[in-house]
Every structure is written in structure tokens, then in C-alpha cells.
Amino acid sequence: MSTDMTFKKLGNSDIRISSIGLGCMGLSEFYGAPVSREAADKLIAHALDSGVNFFDTADMYGSGHNEELLAHALKGRRDEAVIATKFGIVRKKGEYARTVCGTPEYVRQACHDSLRRLQTDHIDLYYIHRIDVDTPIEDTAGEMSRLVEEGKIRAIGLSEASSATLRRAHAVHPVSALQSEYSMFTRDPERGVLGVTQKLGTSFVAYSPICRGLLGLLKPGGEEKDFRKALPRFQGEAYERNREIAERLDELAQSKGCTLAQLSIAWVMAQSENVIPIPGTTKICNLTSNLGASAVALEEADLLAIEEILSTHSVQGARYTEEGMKGVNA
Ligand code: ATR
């Protein structure tokens, strides 16, 4: 294992996670065709060998495909990994339209199904993926706490929850992680929830820290099944303007001798000690490069220069379509 990796405690649990995790979604869906099982095996083995132990998946990524891919890749190495998965977004296979469900019966059934696909007897961190506004969060968190008692899950998490929901759930059972989109281009968590995680001792898991590739200067949408083509900030004029901001930030990255993706991950980590980024990639070269973000030292002057760019050029377009915003910040 790489000796360069540093580890952190996951919230108030006794689980030790690498300070950078791996987002596995793109291996199955949303950013184009799924990768082969062999490619996923190699990527995940390489991540483990590099010291990454925190793997992020969800039952809905590829309708179970992503969990199965991860299970296969972790055969014989399950003990080295901290598996985080999620339930609560209900979709028909291949369709984006969704409903959100957090009823106790659904939580229990979803957990059972994820355990089977993951071929494991416990999930290390189990999140509700989006907040079901029709089910009191106390009911959802209550059932999750029973799953902890039964040893089926080790820790509980919420994804895209508001500060108020986080506090309510935490009163039922300690919430070890709050996961939300967070990057230089998506700073919504700074409006409250990030501060609440700090107060509660909850880890803040930052997904899409390179803004789905935009902060890697990636031009997405080449593949037919790339959902970014539908996202407002990747379209037309908005994309062109956002790309210009990314290029300004890239100049800064170059002056620091790093890539823009590394700068983006380092920026997220610099915002608070409890932030754990989980950049997603399907490629070993990008994984290796992204882990290099730990070595990027951002000085006060760098952070100010970034603020200057971001305050003079506002990011254009919402991060999701209206459908994708269901259960977000709820
Ligand atoms: P998510 O959390 O949704 O996966 P993200 O981590 O912000 O989003 O970005 C993931 C996207 O950035 C993917 O399209 C990934 O493409 P590859 O699978 O081809 O790597 C891309 N990406 C990841 N690391 C990158 C890097 N170092 N440079 C450029 N693009 C990168």
C-alpha cells in the first residue's frame, strides 16, 4: 500500500477512511457506457494499492450494476475497503425519472438487496440518497439505527439533506456523514450544512468535486448516454461561459504546477478538515493524478486568487434539471 495516503475518522464512528475516496458511479452509468468488469477490477485494485479505501456507490447506479461491479472487484479484499452505498432514489431501469422513498419498510428491503449485490454481510456507511419529504426523517433514521443494532450497517449517512434534516436525524442516531455536491462551481453547502456538519462531528463527503469533469477541462457529451448533455450548466452559452471560468482557474493551477482537477480537489479539502472528496473516474491515470491533490499546498494567496476569479465570473446554469433536484436540500 502507498505510504503517502492519509486517513481520517469517518464522523463519530470508529471507521478509518482515506482522505480521498473514489466515486464509482461513472463506471456504470450517467457518463456514457459502462466500463468492462476487467477495467473496473483493475481500477479498484489500483485504488486499494494506492491507499484508497473509501468506495462510494449506490443501489440506483446502473440499477444495481455498480454495487455488483464493486463486489466483484473487492473479492478477497473486502476487509481493506470501506463501502458506502445509498438507497432512496427509485427509478425504472434506464430511465432518469425518479421518486424518492425513505419509509422504514423500503429502507430495510433496500438494505437487504444491497447486501446481496455487494456480497457482504455489512455495509460500512449507508446513506439515504435523497430526502423523502413525505416520510419523517425520524422514521427513516430510526430504521437505519435498527440496521446498525443488527450489524447490517456500521454507520448512517444522509445525502443532499438540509441542515434541519441533518439535525433531526442526528438526534435519532449519530449521522457519520453528510454527502453533497461541493466544488468551486457548486458552493451551496457553504450556506449552512457544511457548518452544521462541523458542529455535529459529521464528515462532509464532497461528490463531483471536479464538477463532473468541467473542472478537468473535459468536454462531456460525446457519448450517447451522457446525462451531462441535459444539465443546464453543460449547455450552449452557459457551458461556454463556465469553460472560460475553468480556463482562468487552469492558468492558476498551471502557475502552481498542478492540474485543474488537482487544484479543484485540493480546494475542496482546504475548506474544512472534515471534508472528504470522492472524485469519480474510470481511468487509472486520472485516479493517480487526482490522488496527487493531497500534495497541492494552497496558500492564503492562492485561495484569495481563486475567490477573485469566482466572484468576478458567476457560474452559469443549474447543477441539475428539475427532475434531478427532487429531494435535494430537503
Ligand atoms: P462525479 O462525482 O459525479 O463522478 P467528478 O468527480 O466531479 O464527478 O467528475 C467525474 C468526471 O471527471 C468523469 O467524467 C471523469 O472522467 P474519466 O472517467 O474519464 O476520468 C472526469 N475526471 C476525473 N478525473 C479527471 C482528471 N484528473 N482530469 C480530467 N477529467 C477527470
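Each reported figure results from applying straightforward, stated rules to the coordinates on display, with no laboratory input. Everything numeric here is computed off the predicted structure, so don't read it as measured data. Because the Cβ atoms are built from the backbone with ideal geometry, glycine has one as well, and the counts that use them run over all protein chains shown.
At-a-glance table
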read-out	value
Rg/Rg_ref, the stretch 23-160, where Rg_ref = 2.2 N^0.38 Å and atoms are Cα	1.02
Binned Cα-Cα distance frequencies in the chain - 10 Å width, integer %	6, 28, 37, 24, 5, 0
Under the Karplus curve 6.51 cos²θ - 1.76 cosθ + 1.60, θ = phi - 60°, whole-Hz ³J(HN,Hα) for the stretch 146-156, x wherever Gly or Pro sits	5, 5, 5, 4, 7, x, 7, 10, 9, 8, 10
Given Lys283/Lys326; Lys225/Lys283; Lys86/Lys229; Lys93/Lys229; Lys9/Lys93, the pairs whose alpha carbons are separated by over 27 Å	Lys283/Lys326; Lys9/Lys93
For Gly11, residues with placed amide H under 5 Å, excluding near neighbours	Ser203
Around Glu307: net Lys/Arg minus Asp/Glu count, Cβ-Cβ under 14 Å	-3
Length-normalised contact order for the stretch 115-240 - Cα pairs under 8 Å, 6+ apart - percent	18
Radius ratio Rg over Rh of the stretch 192-236, counting only Cα atoms, Kirkwood formula for Rh	1.18
Residue-wise HN-Hα coupling along the stretch 166-171, computed from phi with Karplus coefficients 6.51, -1.76, 1.60 (Hz; x: Gly, Pro)	4, 5, 5, 5, 5, 6
